[in-house]
């Protein structure tokens, strides 16, 4: 019990304790945040990648905490040095039956590549994914479509590494393997099929737009950009900058402009970058003001067109129905995102080919 005089005095002289308490709380919180920023770093700190001359705003800004976040699939890539042959080893084509690719590889390196492909493409099913459940004596038979497809994909991988060095190794040696796209899955993520028409209420040009779809990057832009530009070799372009210009035959119309925007949106999402990685935003129309990355991207477009037309589309007669498109029964096709997965370089520029000279050339592998 407090004395009566103390209670009476308190009643006659009230004090606001909430103000000082709030002040102390705010100051304490600010000190805590300052300490955390010093210890853990500035969460909103940014870094920029300059893509053009200084002073014209050609830079890409990213949060440092995003830049420091590694692609989780990098952890799946393991060192696996090849066996350097001395010339006395037997070759795979002389030991195994029906070796149509990788025949000039030594037996040890051939088995090493086969084991790696199993981990890259079918870690759960193992060798049986391509060779079936029979004895090893049956491995030379083409009983499963997966083996036929895998053979063609090896040839595609070799072609990418040998024929598209300007795109794949633009900055440094990176290369590609089955792991680049598959990441431990039977079928790579981010493949695509034809989905048009997406707007059944109309016909013609409106039938390919005004519906939110994955191929239009969840916008109302045209959904056939990948089909037009990464499969059918159509010209990528926008209509004239001036108004009331008479279009010559073949000139892009407003429809092609919209479809080009759809493709550029796809590029940006595939690489996790924005327009200024390749373009000068003050002069999108001027090819003399683009960045070096524009050339790399242009080669990438040509590469994807070739891979789709020469390697993937022809597989339509090999693949079972459940591996074809649900609407048009077309073969699966790849795009930029199939490899890049949201990063400027697949697997953030990790050199994945250094241990796999067998996949780096269509000829006999060269071992350092």
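Where a number appears in this text, it was derived from the coordinates with a stated rule and is not lab data. Here the structure is a predicted model, which means the values were calculated and not measured. Here the Cβ positions follow ideal geometry from the backbone for every residue, glycine too, while neighbour counts run over all protein chains shown.
Once the chain from residue 79 to residue 327 is taken as fully extended at 0.36 nm per residue, the excess over their C-alpha distance is 85.1 nm. Could you give the length gained on full extension between residue 245 and residue 316, defined as 0.36 nm per residue of separation minus the Cα-Cα distance, in nm? Length gained between residue 245 and residue 316: 21.2 nm. Estimated at 0.36 nm per residue, the fully extended path between residue 144 and residue 22 surpasses their Cα-Cα distance by 36.7 nm. If every alpha-carbon in the range 190-340 counts as one equal scatterer, what log10 I(q)/I(0) does Debye give at q = 0.19 1/Å? Here log10 of I(q) over I(0) equals -1.30.
Using the Cβ-Cβ distance between residue 111 and residue 232 with R0 set to 45 Å, the FRET efficiency works out to roughly 0.65. The alpha carbon centroids of the range 259-301 and the range 151-210 are separated by 18 Å. Summarising the label geometry, the points placed 7 Å from Cα in the beta-carbon direction at residue 9 and residue 254 lie 8.4 nm from one another.
Share of pairwise Cα-Cα distances greater than 35 Å in the chain is 42 percent (whole percent).
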